[in-house]
1. Considering only the range 154-177, how many residues are surrounded by fewer than 17 Cβ atoms within 10 Å (Cβ to Cβ), in contact with a Ser or Thr (Cβ under 8 Å, 6 or more places away or on another chain) and at negative phi?
2. Could you please find all residues in the range 121-135 being in a loop (DSSP other than H, G, I, E, B) and either out of contact with any helix residue (DSSP H, G or I) (no Cβ under 6 Å at 6 or more places or on another chain) or on the phi > 0 side of the Ramachandran plot (or both)?
3. Is it fair to say Thr180 is loosely packed, with under 15 Cβ neighbours inside 10 Å, without any contact (Cβ under 8 Å) to a residue 40 or more places away in the chain, β-branched (Val, Ile, Thr) and under 19 Å from Leu32 (Cα atoms)?
4. Looking at the range 194-226 only, could you name the residues that are among the hydroxyl-bearing types (Ser, Thr, Tyr) and in a loop (DSSP other than H, G, I, E, B)?
5. Can you name every residue in the range 24-48 that is closer than 23 Å to Leu103 by Cβ and not in a strand (DSSP E or B)?
6. Given the options Thr191, Thr229, name the one that is β-branched (Val, Ile, Thr), part of a loop (DSSP other than H, G, I, E, B) and either over 16 Å from Ile45 (Cα atoms) or in contact with a Ser or Thr (Cβ under 8 Å, 6 or more places away or on another chain) (or both).
7. Report, by residue number, each residue of the range 166-177 that is more than 17 Å from Ala38 (Cβ to Cβ), of a type outside the set (A, V, I, L, M) and assigned to a loop (DSSP other than H, G, I, E, B).
8. Name the residues in the range 73-112 that are touching a residue at least 12 places away in the same chain (Cβ under 8 Å), exposed (fewer than 15 other Cβ atoms within 10 Å of the Cβ) and under 20 Å from Val51 (Cα atoms), would you?
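The values are calculated or read from the model by the stated rules, or taken from the named source; none is laboratory data. This is a predicted model, so every value here is computed, not measured. With ideal geometry, Cβ positions are generated from the backbone for all residues, glycine too; neighbour counts draw on all protein chains shown.
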Amino acid sequence: MAELVYPPVIGVARGMFRALDLRFDIKGTEHLPQRGGAVLVSNHIGYLDFVFCGLAARPAKRLVRFMAKESVFRHKVSGPLMRAMKHIPVDRAAGMDAYRHALAALRSGEVVGVFPEATISTSFTLKEFKSGAARLAQEAGVPIVPMALWGTQRLWTKGRKRDLGRKHIPVTIRVGEPLTPEPAETADSLTQRARTRVQELLEAAQRAYPVRERGAADSWWVPAHLGGTAPTPAQALAAEGR
């Protein structure tokens, strides 16, 4: 079936990137398979992360079907677009429907995008991963492609006003080699392997990031362990009421 909506939306996104003059540093895009199913997993630090993950898949000419919370699909603007781009709604009270939908997409050769942390990390460090991405990869018999994003939190993230008028923001993206599920591997083991690899890619992206904070007022986007004023992981969890 022809993709009537996704390509134009990509065009609009690219136009926005050009208007903002975002400075992209993307490496590892060759690791995304050019055909066949795959689960794309990434860290989650901003509301626009799905856009940047999708951008990294374009050199392979792949369209990523993201799993996203069901409320996004009920919005009068984003809802029709999300459905037309064949993204997958996730109702946390009835998660099996989304799981079956994603599994069918993988088996039909699609790339499914998952943020295994489930929510944006306000500490900008890697949270624990849910096991759904690993279980999907195992059941569909497809690889997991790990990815890390850095800099996207500076545009729009949880607890901060969006700053889409600020230009020249660097965005660093690293894509890793596919992880193939082992025959006797548990979902927990594969989940931990994926998390370890995303952590390595995240650290590489942070090292490569071309700018640093400009004093205390500009350090909110830098994790506490790197000298910034973002909440620590413990503080972030406490704020979430856990």
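1. Total meeting the criteria: 1.
2. Ser121, Phe124, Lys127, Glu128, Lys130
3. It is true that Thr180 is loosely packed, with under 15 Cβ neighbours inside 10 Å, without any contact (Cβ under 8 Å) to a residue 40 or more places away in the chain, β-branched (Val, Ile, Thr) and under 19 Å from Leu32 (Cα atoms).
4. Within the range 194-226, Tyr209, Ser219 meet the criteria.
5. Here is the first cut: in the range 24-48, the ones closer than 23 Å to Leu103 by Cβ are 31-42, 44.
Of everything in the range 24-48, those that are closer than 23 Å to Leu103 by Cβ and not in a strand (DSSP E or B) turn out to be His31, Leu32, Pro33, Gln34, Arg35, Gly36, Gly37, His44.
6. Thr229
7. Answer for the range 166-177, where residues must be more than 17 Å from Ala38 (Cβ to Cβ), of a type outside the set (A, V, I, L, M) and assigned to a loop (DSSP other than H, G, I, E, B): Arg166, Lys167, His168.
8. Matches in the range 73-112: Ala84 only.
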